[in-house]
1. For the range 92-149, which positions are of a type in the set (S, T, N, Q) and over 16 Å from ARG38 (Cα atoms)?
2. Please give the number of the condition GLN196 fails out of (1) within 14 Å of TYR138 (Cα to Cα); (2) surrounded by 15 or more Cβ atoms within 10 Å (Cβ to Cβ); (3) more than 17 Å from the chain's Cα centre (by Cα).
3. Report those strands (runs of 3 or more DSSP E) wholly inside the range 115-201 carrying at least 3 residues which are without any contact (Cβ under 8 Å) to a residue 40 or more places away in the chain and under 23 Å from PHE99 (Cα atoms).
4. Can you tell me which of THR118, THR136 is buried (at least 16 other Cβ atoms within 10 Å of the Cβ), of a type in the set (S, T, N, Q), closer than 26 Å to TYR82 by Cα and in contact with a Phe, Trp or Tyr (Cβ under 7 Å, 6 or more places away or on another chain)?
5. Report yes if GLY139 is closer than 23 Å to SER88 by Cα and either at pLDDT below 95 or touching an Asp or Glu at 6+ places or on another chain (Cβ under 6 Å) (or both), otherwise no.
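The values are calculated or read from the model by the stated rules, or taken from the named source; none is laboratory data. If you're wondering where the values come from, they're calculated on a predicted model, not measured in any experiment. No Cβ is skipped: glycine too gets one built from the backbone with ideal geometry, and neighbour counts run over all protein chains shown.
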Amino acid sequence: MNILKKIFLVSFISLSSASFTEVSLSGNVALTTDYVWRGMTQNDGDPSISGGFDLEDDSGFYLGVWAANVSGGTSSLELDGYLGYSGSFNDDSGYDFGFIAYTYPDNATLDFEELYLTIDFYGVYVTYANGIDTATNYGEVGYSVDAGPGAFSISYGDYENVGKNYLVGYEYPVGDFTLGFYYSDFNSDSGPSGDQDGGFFSISY
């Protein structure tokens, strides 16, 4: 059975057996000058459009799907499915943990899954993604702070046996839209030939 079908089968059973007070459905769409993930371009430096849907209950349980066009000769579409649970310790700290499946419909050999956990505290967050089976582990720490009408953020990530990345960004809300300006730097563990860096821009709704 396809991993996304498994996700939604488990989610349907969970929704059917639990008592929720309020469930909300939301959507998102974004256009970026480059799809950069963990410091690495997923679209050969070309623009990418992405979007998804999330179903969330006020208890903290959520599930969703997200897709984006990718390129590089091995796949043209990334389709992710995820489910998890988030909550707060107090007004300034919280947590989020769950499962995500990264799938590539036209090249299933690229598919992989992760279990993730994020803890945030006064704008600082720590994320750890545990790769399932042969997938690689990833850790990230970052900080976000309000700056004028928008928010400034910085992060550092370590993708085990792949490379390390740095990201600096500024996000600015305009009505229902968010404009994002970012600079990313990736240092490959395999040597300078795999390094990547550059700026990119996004507009999301």
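1. Matches in the range 92-149: SER93, THR103, ASN107, THR109, THR134, SER144.
2. (1)
3. Per the criteria, 124-131, 138-147, 150-159.
4. Of THR118, THR136, the one residue that is buried (at least 16 other Cβ atoms within 10 Å of the Cβ), of a type in the set (S, T, N, Q), closer than 26 Å to TYR82 by Cα and in contact with a Phe, Trp or Tyr (Cβ under 7 Å, 6 or more places away or on another chain) is THR118.
5. Yes: the conditions hold for GLY139.
To keep it simple, each residue is scored yes or no on (1) within 25 Å of LEU167 (Cα to Cα); (2) crowded, with 16+ Cβ neighbours inside 10 Å; (3) acidic (Asp, Glu); (4) touching a Phe, Trp or Tyr at 6+ places or on another chain (Cβ under 8 Å).
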position: GLY39; (1), (2), (3), (4): yes, yes, no, yes
position: ASP46; (1), (2), (3), (4): yes, no, yes, no
position: PHE61; (1), (2), (3), (4): no, yes, no, yes
position: ALA67; (1), (2), (3), (4): yes, yes, no, no
position: TYR82; (1), (2), (3), (4): yes, yes, no, yes
position: ASP91; (1), (2), (3), (4): no, no, yes, no
position: ASP96; (1), (2), (3), (4): yes, yes, yes, yes
position: ILE100; (1), (2), (3), (4): yes, yes, no, yes
